[in-house]
Amino acid sequence: MNNTSRINRTYHTAMTIDSRGDVCLTGKGVTVFDPTGKQIEHIDIPEPWTANVCFGGKDRRKLFVTASTSVYTLQMQVKGITK
């Protein structure tokens, strides 16, 4: 990622990366940045805080998000990275 200054201006607690190289960060919802550091999406989660995030499921297209009181799953169009 070339432009980390935009990401560093906000507080994030966890991250995961998808197969396109986009970074998903938690904090208040899930914020997604492309490999250049540009914010490309924000996923609202109806909780005060999100703590962890990871891809899972059979095809790694399900995003798991832990929040203040619940765990959320979101079906994604992109897969999480593999080892």
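FYI, it's all coordinate maths here, none of it is from the lab. All of these numbers come straight from a predicted model, not from anything done at the bench.
Quick check: residue separation of Glu47 and Gln75 times 0.36 nm, minus the Cα distance between them. What number comes out in nm?
8.2 nm
Considering Cα pairs under 8 angstrom that are at least six residues apart, work out the relative contact order of region 5-75 and quote it in whole percent.
Reported relative contact order: 22 percent.
What aspartates and glutamates sit close enough to Lys79 to cross-link, taking a C-alpha to C-alpha distance under 18 Å and skipping anything fewer than 8 places away on the same chain?
Asp18, Asp22, Asp34, Glu41, Asp59
Could you work out [θ]222 nm for the chain from helices alone, using -39500 (n - 2.57) per DSSP H run of at least four and dividing by all its residues? Round to the nearest 500 deg cm²/dmol.
-500 deg cm²/dmol
Which one, (1) 20, 13, 10; (2) 28, 13, 9; (3) 19, 17, 9, gives semi-axes √(5λ) of the Cα gyration tensor in Å as derived from the coordinates shown?
(3)
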